[in-house]
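Shown next, in structure tokens, is the structure this report addresses.
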Amino acid sequence: MDTLTPMLRQYRAIKAQHPDAILMFRLGDFYEMFYDDALLASRALSLTLTARGRGTSNEAPMCGVPYHAADGYVARLIQKGHRVAICDQVEDARAAKGIVRRAVTRVVSPGTVTDPAQLRAAEPNYIAAIQVSRDAASGARGGAAFGCAFLDLSTGDFRLSEHGGPGAAEALATQVALFRPREILHPEGTALDGLLPKDGLEGVLGHEVPGWTLAADTAARALNETLGVATLAGFGVEERHLAVGAAGALLHYLQEAHKADLKHVTRITWCEPADSMVLDETTRRTLEVAENARDGGRDGTLLDVLDRTRTAMGGRLLRDWVLRPLLSVRVIEDRLDGVAFLVERAAERAALRAHLSRVHDLERLLAHCSMGTANARDLVALRDSLAVLPEIAAGAIALTAPPLARLMQALDVLDDLRQRLDEALADDPPATVREGGLIRDGFYRELDDLRAIRRDGRAFLASIETRERERTGIASLKVRYNKVFGYYLEVSNAHRKAVPTDYERKQTLVGAERYVTPELKEYEAKVLTSQERIEALEYELFVALRGQVVAAAPRLRATAAALAALDALAAFAEAAALQGYQRPKVDDSLRLRIVEGRHPVVERLLEKERFVPNDCLMDADSRQILILTGPNMGGKSTYLRQVALIVLMAQAGSFVPAAEAEIGMVDRIFSRVGASDNLARGQSTFLVEMIETANILNNATVRSIILLDEVGRGTSTFDGLSIAWSVAEYLHDTPAVAARTLFATHYHEMIELAILKPRVANLTMAVREWNDTIVFLRRVLEGAADRSYGIHVARLAGLPRQVIDRAREVLANLEREELSRDGRPKLAGASGPPPKVATPTPAQLGLFAPEDDPVLVALREVELDGMTPLEALNLLADLKKRLGS
């Protein structure tokens, strides 16, 4: 350190405080990066790598970016999963003695991004913290308990939860997958991939935090201070020590490491698992609720169909409603009442949505103001949004449904704040807040005077020039300005003798002399300082204005919440009106009745054909398990998914794609649909299938809905059939997990369950054979399929004709007699040379015991000891005759 320059010593000292972040170090008009940070950033940002002190023992790799373009480069580093520490000059370089003081003013990471350009408007951006009980930390997973805190710094949304008991680890994973935090804090010494599945941590930035920051008493004090309260009892979390510990660690990390101002974090929401339907990650993925299976985007998802919101706030709320369907009939019906009212009144709905489209993201604008990062354009967006509120409020008289009326009552138009912003803000302010142009003329007298000096300077200088020409008689005298000498009077050498004695010589040129006067000096000082004073005064006024916005935060937050709910309800209504959805009936029964149900996503994607609707009837008494058979491509998976999505939509408070729907409350949807593997964890397709099935059997309740598609297909036929059969039996015979189940299968033997079990019924996908091909009718009928039509599907896929013909031959052979007497399958038929004789292998046992062969029965009944040779020969001839040889 002693051999380094003062600047590099300063850099190294600041970098030591932020070892896990890329330090962007302000030097003049650039942010520079040094050493390993420079190497990393040059690769990530494609920057030219140079060096400071090249050729010396202290050579430092270096790269940099212009300060005015830094936000774009920071965004690119964040997208690649890096933390970035912004180090600024914190004193005026002109007033500095020695090296300018610098300090980290903010740290940006994937979980703490607040810049709208780096965020998806309709999605939250959470950072999370996890606290672990001692049992969990020591590996005793059966007694594990976890506390979680999730904070969206861009809006102030702060949620807490706790999970304990045998299923705590799975509940934790489900909760984390639901919020999808981009950054997770976890206790020091506890590996993050030991708390959560590795495949759920892709793209997530982990960070260890000291144990003392997770202590409940320390955390409670930090929460009370941040929230401005004396106790946490009002939020219902006072005794939730693990969750409070996680929240405290999160606040400490954001305030200390990220220098974040958390004034906009004013409340906590407790996430009670019993308040919403559980949709685990597997179910959300297979149903494509918010992300499609193709690229993880929103195209082709349920959310894409339903999200017709006009504001970013409404989009985030609707997403939360869809991912967290309700479990309260009263709240669901209340939400449905609001949707129904707007569906029936197209004009009122259109007017409301038109007004909402002019409202900016109030939640994130307020957060920017609270954190001190809002610029004048943000306040203009806020002002313009507030200007719309009276128009929305004027329509309150038409919105008489109880849920809508309550929201309108909570709508504060904030006329005082809007008027203040309108009076103060310029119409088109710049993006920066330090260079003036923020405040409207006429708002502040001193500012107007300073602007007059700057604006009227040219006329004043012209008057000086005219007056001095008249006084001196020098017609060529000019008032001029340059950056070196400032303002001056220039006189040619020919008139030098006419210069008055009060002129002070400033500079001698070849053909002229330059002079200054006391008046010109005074004016110069006033002009030069006026611009600096204008910029400083405008910034002071702007900061005060931003403070007035923060002071109105509770009112703004309530208005934003009301607008978001109105927007989400109107979006549900718009989707229902456009797609022909109907209001469902939701109750506390175990009945599920859907008439002419449709898949909301598939029907929207169909362009050249009409979606074929289907019914579904399930209950706990006679139709608990529905066995669905039929060919591939017949529509079995679509049918399973559409039933689940209709249930989800109903409990989210949306109308549903069906002519009629009665939904008995569902606490959880389980989905074992589709084949997948996890090579990174060494899990085959079949193992993943069995893990997902085990999760269902261990966690389902009588209020759950289960979708099972081709369980057992990942292994041999008899093994798979055995597992599928026993899973269905277990769901039927075990009262604790007797959930409503849709079971699609190609194992036709499964249809016999309807004979053996009273609450099992058979369904099949209708097909029609025509000219050696099949037509998929997409219609679900009562009954069972007698064939799989797999060869027909293979022909549609384009398999060579020779393969198709041979497959038919082998199929006919199998259907006549599947196994030979030594247990080997008869696949050869008449084609090809006879197989080599090998040592017979034991036959795989069938699901049902075969009937005894009559020859074997006859042999068992023979009394050999009393039989004569002739009788033995006659018996042998009879047995041979029975065998047909």
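Out of all DSSP beta bridges with both ends in the chain, state the antiparallel percent to the nearest 5.
65
Once fully extended, how much extra length lies between VAL803 and ASN493, figured as 0.36 nm per residue of separation less the alpha-carbon to alpha-carbon distance?
Working: separation 310, 0.36 × 310 = 111.60 nm, distance 10.73 nm.
Working it through step by step, the gained length comes to 100.9 nm.
The residue list HIS495, VAL803, MET690 was ranked by how far each Cα lies along the charge dipole of the chain toward its positive end, using unit charges on Cβ atoms, and HIS495 comes out on top.
The 3J(HN,Hα) values that the Karplus relation (6.51, -1.76, 1.60; θ = phi - 60°) gives for the stretch 485-490 are, in residue order, 9, x, 8, 7, 9, 10 Hz. Gly and Pro appear as x.
Say the cut-off is 18 Å between C-alpha atoms; which of LYS15/LYS80; LYS585/LYS757; LYS483/LYS526; LYS478/LYS526 go over it? Kindly include the intermediate steps, with their values, before the conclusion.
Numbers: LYS15/LYS80 20 Å; LYS585/LYS757 29 Å; LYS483/LYS526 15 Å; LYS478/LYS526 20 Å.
LYS15/LYS80; LYS585/LYS757; LYS478/LYS526, as the Cα separations exceed 18 Å there.
Quick one: check the C-alpha center-to-center distance for the stretch 220-262 versus the stretch 690-719, whole angstrom. Here the two parts' Cα centres lie 41 Å apart.
Round to the nearest 10 and give me the degree value, 0 to 90, for the angle of helix 241-252's Cα axis relative to the longest principal axis of the chain. Long axis of 241-252 versus the principal axis of the chain: about 40 degrees.
In summary, the aspartates and glutamates within cross-link reach of LYS636, defined as a Cα separation below 17 angstrom excluding same-chain residues under 8 places away, comprise GLU288, GLU596, GLU603, ASP615, ASP709, GLU710, GLU782, ASP786.
Computed from Cα atoms, the angle from the helix 6-17 axis to the main principal axis of the chain rounds to 30 degrees. The spread of Cα positions in the stretch 390-505, taken along each principal axis and listed from longest to shortest, comes to 92, 26, 19 Å.
Mean residue ellipticity at 222 nm from the helices of the chain, using -39,500 (n - 2.57) per DSSP H segment of n ≥ 4 over the full residue count, to the nearest 500 deg cm²/dmol? Could you put the intermediate results ahead of the total?
On the way: 30 runs with 365 residues, N = 885.
Computed ellipticity for the chain at 222 nm equals -13000 deg cm²/dmol.
Projecting the Cα atoms of TYR515, LEU566, LEU528 onto the charge dipole of the stretch 507-576, computed from C-beta unit charges around the Cα centre, puts LEU566 farthest toward the positive end.
If you build the convex hull over the alpha carbons only and average its shadow over all orientations, what do you get for the stretch 259-298? Give it in nm² to one decimal.
The directionally averaged projection comes out at 5.3 nm².
Only one of the values (1) 57, 40, 27; (2) 75, 33, 27; (3) 51, 33, 29 was calculated from this structure for semi-axes √(5λ) of the Cα gyration tensor in Å; name its label. So the calculated entry is the one marked (2).
For LEU205, the residues whose modelled amide H falls within less than 5 Å of its own, excluding neighbours fewer than 5 places apart on the same chain, are GLU183, ILE184. Per residue, the convex hull spanned by the Cα atoms of the stretch 593-724 measures out at 147 cubic angstrom. Helix 518-551 and the longest principal axis of the C-alpha atoms of the chain enclose an angle of approximately 30°. For the stretch 569-651, a simple Cβ point-charge model (Lys and Arg +1, Asp and Glu -1, everything else neutral) yields a dipole of about 140 debye relative to the Cα centre.
Accessible area per residue for the chain is 48 Å², calculated with a 1.4 Å probe on protein heavy atoms, without ligands, DNA or RNA.
Name the aspartates and glutamates eligible as straight-distance cross-link partners of LYS506: C-alpha to C-alpha under 12 Å, and not fewer than 8 places from it in the same chain. List returned: GLU490. Dimensions of the stretch 381-436 from C-alpha coordinates, computed as largest minus smallest value along each principal axis and given longest first, are 50, 17, 14 Å.
The values are calculated or read from the model by the stated rules, or taken from the named source; none is laboratory data. Given the structure is predicted, the values throughout are model-derived calculations rather than measurements. Cβ coordinates were reconstructed from backbone atoms using ideal geometry, including for glycine residues, and neighbour counts include every protein chain displayed. We work out accessible area using only protein heavy atoms, side chains counted, and drop any ligands, DNA or RNA first. Shrake-Rupley method; radii C 1.70, N 1.55, O 1.52, S 1.80 Å.
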